[in-house]
1. 7 Å from Cα along Cα→Cβ at both VAL165 and LYS99: what's the point-to-point distance in nm?
2. What spacing in nm lies between the two simple spin-label points modelled at THR126 and TRP17, each 7 Å away from Cα in the Cβ direction?
3. Students often check this: by mean Cβ neighbours within 10 Å, which of 27-40, 153-166 ranks highest, and how do the rest follow?
Amino acid sequence: MRVLLVGSGGREHALAWKLAQAPSLTALHAAPGNPGIATHGDCHPVRAEDGEERIAALAARGASGISFKTRFRNEGDWGIDGFIRATPAGVQPGSLRMKLDGMPPNLAKFPVMIQGPGFLRNINRTQTLAGLNPGTYNVFASGFSTGDGKPSCMVHTPDVATQQVTVNPGATASVTVTYTAAPCDLDEDRLPQPERVS
């Protein structure tokens, strides 16, 4: 199931958080979204009041195969409906299997970022990202710490901070990031951070 969430407030963030827990969710897109929503899905700089042209432009940025219906109007709300198709006709979208080894359970941080054509998402668990536009994707893995202090504090370090992968039409690419944990003897500011690729 793919979902387009239109809005940028606290209600939409709560919906995004709950939707992200659904096993049937394959893609969550938000227009325009906010930084909290971006930890659960892809945000696009489009507002409903921008009109149909801007919604259509969203198609070119990677929100593929999403249908949406009119929302009831009250308290100044708006209504739109239509269908977004970002992948050019005749081109099949691809998938990316992200395997995260060594992640602590119930992690509230999202240390792995995937960035590609019309796509940006932060994740904290193994998952398959479906409906992706074919092209090159960058995977950035950051180090992080968990625990309230010694002795429960642990530093989690990725084996590789930056990786690149090609997603081909109709195929599933895969990337594995392995985290190792050690007691917090290091200052978190000295954790290895990914090198950003422009």
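1. Calculated label separation equals 1.0 nm.
2. 2.7
3. On the way: 27-40: 21.3, 153-166: 16.5.
Output ranking for 27-40, 153-166: 27-40, 153-166.
Read-outs: derived from the displayed coordinates by stated rules, not from any lab. For clarity, every value in this text was computed on a predicted model and none was experimentally measured. Cβ atoms come from the backbone with ideal geometry, glycine included; neighbour counts cover every protein chain shown.
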